[in-house]
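The values are calculated or read from the model by the stated rules, or taken from the named source; none is laboratory data. As the structure is a prediction and not an experimental result, all values here were calculated from the model. Backbone-built Cβ (ideal geometry, glycine too); neighbour counts: all protein chains shown.
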Amino acid sequence: MKKQMAILGVLVLAGMALAIGNVSPRGGLDTPPWIEKACWQYDDSTGEWIPIRVGDSTARARCWMQQVDYVDSCNKEEWELYLRAEASVAQWIILGINGDGFHWGIRKPGYYASDCIWLWFRSNYDVEIGFEDFDNLVTLYPDSCIDDTIEVWYALSMDSMYPPAMNSELWMTPAELNRWTKRVYDSYDLHWEGWKTKIWQKIYVSPCNTACEYVDEDWATITLTLQRIKPWIDAETGFFSRRPNFPFQ
């Protein structure tokens, strides 16, 4: 009987809270307002708390509360006041590349390879890698060139300090690389160690390539696409576009 009375008391208290604040915990027409709260970020380098400006869409984190105007009084022994705590974590990426491409100076015909480019990234969910506009090198002077193209191949490998074997299946033509994609899946290592590769380039300069300059005309693009963008993140800027859609349950 006492237990039933206690439960009834809690229900009555909840009912009073809803009546006083006109609050609907599941939303609807009577949903109370959301208020953004001040918050701080801890700075490891200084050992200090750094304030985050309220309303800053570029902030690393923001915090809100739902306003509940609850006031009550009574002589009963026990009171229970409930608080919700929840967080929506966006997908992030930390990435790096150590060069802008391959710039060759060639004195004699032959096959050459280089691993000038290192690519790496860390993230807290799947990332898809894509390649666009990779091409062979073509001359800037087509009217005065015997062989106007230098053939190019690419390989992604961390297996060795040396280029893949000449006939290795790792080598891809630019057209093959443009069709190739890789999805790096969420893992502990991806969060902390990250994913990395060398981007090897192999070229063939033939005896018929005239002494002049050759370029990949359109430049090449590597695209890293995050696979779990939250609806409250602006996909173009990566900043807050709005408040997350609380509550989650």
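What to note about this one:
- Considering Arg183, Arg228, the condition of being charged (D, E, K, R), touching a residue at least 12 places away in the same chain (Cβ under 8 Å) and surrounded by 12 or more Cβ atoms within 10 Å (Cβ to Cβ) is satisfied by Arg228 alone.
- Scan of region 128-152 for residues that are crowded, with 17+ Cβ neighbours inside 10 Å, assigned to a strand (DSSP E or B) and in contact with a helix residue (DSSP H, G or I) (Cβ under 8 Å, 6 or more places away or on another chain), ordered by number: Phe131, Val152
- Just one of the listed residues (Ile93, Ile117) is at pLDDT 95 or above, surrounded by 11 or more Cβ atoms within 10 Å (Cβ to Cβ) and not charged (D, E, K, R), and it is Ile93.
- Residue that is modelled with the lowest pLDDT, among those in region 156-171 that are buried (at least 18 other Cβ atoms within 10 Å of the Cβ) and closer than 25 Å to Cys208 by Cβ: Pro163
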